[in-house]
Every structure is written in structure tokens, then in C-alpha cells.
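Everything below concerns the one structure shown next.
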Amino acid sequence: MSTPDHTKKVTSETPPLRRPGLVLAFLSMAGFMTFLDVSIVNVALPTIEDDLNVPSTYLPYIVTTYGMMLGGFLLLCGRLADYFGRRLMLQVGLIVFALTSLTAGLAQDALMLIISRGVQGLGAAFIATAALSLLRNSFAEGAERNRALGVWGALSGIAAVAGVTLGGLLTDGPGWAWVFFINVPIGLGGALAAPFILRESRSTEQRRSFDVTGGVVLTAGLVLLIFSLGQTVDDQDVDPVLLYGGFAAAALLLLAFLVIESRSSSPLVPLGIFRRPMLRSANIVALLLLGNTVTLFFFASLFMQQVLEYSPIRTGLAYLPLAVLTAVGAGIASNVVTRVAAKPVLLVGLTLTTIGMLLLWRLPADGSYLIDILPAFVVTGLGLGLSFVPLQISAFAGTTERESGLAAGLINTSQEVGGALGLAVAAAISFRNVSELTSAAAGDPDLIRAARVTVFHEAFLIGVGFLVVAFLVTLILLPFKRTSEQTDVSTPVA
């Protein structure tokens, strides 16, 4: 079905880039910063708890509020970037991100820190979608764009690992506040430099109306869903009416969003875009892969600190090989996918990641880093690097210039929602017997440690389950096509 005639052309064909390397570096830096802050605070949480007298039941919200706002606003921010200018929205996001990082570092209590993290997540949503959309439109489809997306995919994967490493170094160094302060000069400097590096870019079709209702309903539904999932990993007693009521309300809002979009003449998300098998499959796999990845970082960090008794800085440094191998795997993938289809590369990456998670599943309570942890991190890092790149390329395959913000919002939303959902599911299942196990330990340190090992092993096995499903989705649903054979970009989506 053709799109109704309610738009007008405003731009012509994009001229070639004069400084593609600088453009790629700038956009990658912006994206890296937002994904870094998903994980950088994790290792610092015990120190923040002591310094600010934060109740232990509030600690999860320092992490989840950022992801909740980032995931909830991604699609709306992507469409705003498409129609009001991607560079402008990138600058807005960088400024908001920098200022709220400053207030987070200056926080004197839990409330100020949690509110700052929430608004910081909103700024990150503008940055992530605008930067990825600008990257997509700055490089021609094919080998050139694949290499650029390869760099982006590598850095988005490395950022999660680097966040844990850097968080440990800063917490044991200048202090936990520098986990946030480090963003301030980068964000403000990036906002000032953007006009000198990037061309303004927006959709070639400007809508006379904008689906504000759909955007608000979708964002409210996703925020409520992720908030309700966060309640399931809290160790306090949760009111079942509030918990299940939250899930029910989120389901109703998301259902209402589908109804609104199906009836809107200018939808926020043209539902027809999901008819494209590459995009649809990539987003499903992203949900599952990031569900495993966030589960990995959360529980591996706890295992090293609570079972192996590593310090924050030692825990952070332990992730360095994983980060390096993720970069190596992404570099390999970005070169290979220019010659073969994304599907086999993704299958190999998922297989290696699964092997690494199985090694963690067998990690003993008295495990050695060199013998037990390092091999698992090497295999997992290589697998993640090989997975992130073809996943990003598949998510954009066949999309038009005017849909790039939508595609960027979808893949990033899938990653953020997948991470929150995966951790919530893994924690809810693995922690279900934790009270019984710790009670049986009767204060015996060895028995308490054994109980923790049981919980963490189960969480790693749940991560394996996510990866197995992702492998099957890729094997069965993802088309086996090279970039030049992707869906015709003229195919209408609404």
C-alpha cells in the first residue's frame, strides 16, 4: 500500500563525505559513551551505597532507571531525529547527557542520583538514535557502510565490557563520582564540535503531522514494562498487586500502541516495516543476545567479588581480555560480512558465545582466573564481537534513508529492552531459592559461598538458554543474503 501524499521533499542527494574517518570516529565516540554508561556504574554500587547511605533495595534503580529511560524513549527520539534534524538532536542529547552526568556525580542522596540517571538515559536515547542514523546515512550501502557499522557494532559491544573495567578503575582511583564526571567534558565538547564535523541530516520527507499520541503511549508502556521487570529482581517484598498490575498496564499500553499505529495516517512506527525478514529477525536476536550479555556482566561481576573475593579494580581488570577479544571478533566480522552473508557470521558468533557461557556455568567456587575465567572470557568476547556486527548490518539492510532513524530506534530498543528483560528473568529464576539456601547456610561462610555459586551457575545457564533460542531464530528465520541482495529499498512499509 502506498504512503498517503501528506509530505513534501526537502533535501536532495547527499554529497560524498570529505572526512569519512573523522565522521566515523566522532559518531562512534558518541555512541560508545552512551552504551558505556549502561554498565560503568555496576562495580561502583557498593561504594555508592556506603558513601550516600543508599538502602540496598534502592541500588538496582541506579542501574535500571538509566536503561529504563534509554530503552523507553529510543523510538520516539529516533523519529524526532528523522524529522527535526539528526545533528540537532545529537547535540541536544550530548548537552543533556553531560549536564545530568554532572548532577549525578554531585549527588548527595539516592533520590538525586536516581533522578539524574533517569534524565541521563533520556539524553542517551537522543544520542544513540541520532548518531547511528547519521552513520547509516553518511556511508553508502555495501562494503563502505558495512565497515562503518562494523566499527559501531564493535564499540557498542566493547562499551559494555569497558564500562565494567573503567568503573572499577575509577572507583578505586579518584572515586565513584568520576564514573559520571568523565562524561561532562566529552559531552559538552562533542556538542560544540558537531557542526564542524557533521552535516545536518533529516528525512527527505517532512510530515505535516506527528504521531505524538503513539510516541507517548509506546514510551509509557516500555518504561512501565522495564520498571515492573526491575521490581522482580529487587530483594525486598513486592506488593503482588503493584507488580502484576504494572505488567497488566504495560501490556494494555503496548496493545493500545499497536491499535493507534494501525489507524494513524502518519504512524511513529509503520508496522509494515516488520514484514522485512532481515530487520524482524535482527531485532528478535538482539533481544536475546543482549539479555544474555547483561546477565553475563551482572552475575560474573558478583561471582568475582562475592565468591572469589576480588576487589573492584581487580574485577574491572578481569574483563580486559573480554573487551580486547570483542574488538578482535568485530574486526574480523566487519571484514568477512563484506564478502559473505551476515547469517553464517552471526551463527558462528552465537555458537562461540554459548560455549563461553557454558564454561562460566561450570566455574568452581575456588576457580583460578587463568584456568577457569580467562578461557571463558576469551571465547565469549570473540563470540560477542562476531555477533554484534552482522546484527547491526541486518537491522539496516534494505531500509530507506527516511527510515534510518526508525531502524536505529528499533535495534537499540531491542537491545535495551532485551538487556532489562534478560536480567530480570535470569535474576527472578536464579534468586527464587536464595532465601532458603542462605538460611540453610546458618551463617557458615563456606555454605553461604556455595549457595551463591548455585545461584550464579543457574543464571549463567539461563543465559545459555537465551543464546540457544537466538541461534535457532537466526538459523530458521534470518535470510541468507549478501548486502547486494537485500530487500528492495523501494518496498513500502506502510
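Worth pointing out:
- Residues GLU309, GLU144, GLU261, ranked from the fewest to the most other C-beta atoms within 10 Å, line up as GLU309, GLU144, GLU261.
- Between ARG339 and ALA428, the FRET efficiency estimated from the beta carbon spacing at R0 = 41 angstrom works out to 0.45.
- Look at TYR61, TYR244 and count the other Cβ atoms within 10 Å of each Cβ; fewest to most, that gives TYR244, TYR61.
- Counting neighbouring Cβ atoms within 10 Å and putting the fewest first, the residues ARG19, ARG449 line up as ARG19, ARG449.
- Ordering of 112-119, 289-296 by burial proxy (mean other Cβ atoms within 10 Å per residue, highest first): 289-296, 112-119
No value in this document is a laboratory result; all are computed from the given coordinates. In this text the structure is predicted, and so the values were computed from the model without any measurement. No Cβ is skipped: glycine too gets one built from the backbone with ideal geometry, and neighbour counts run over all protein chains shown.
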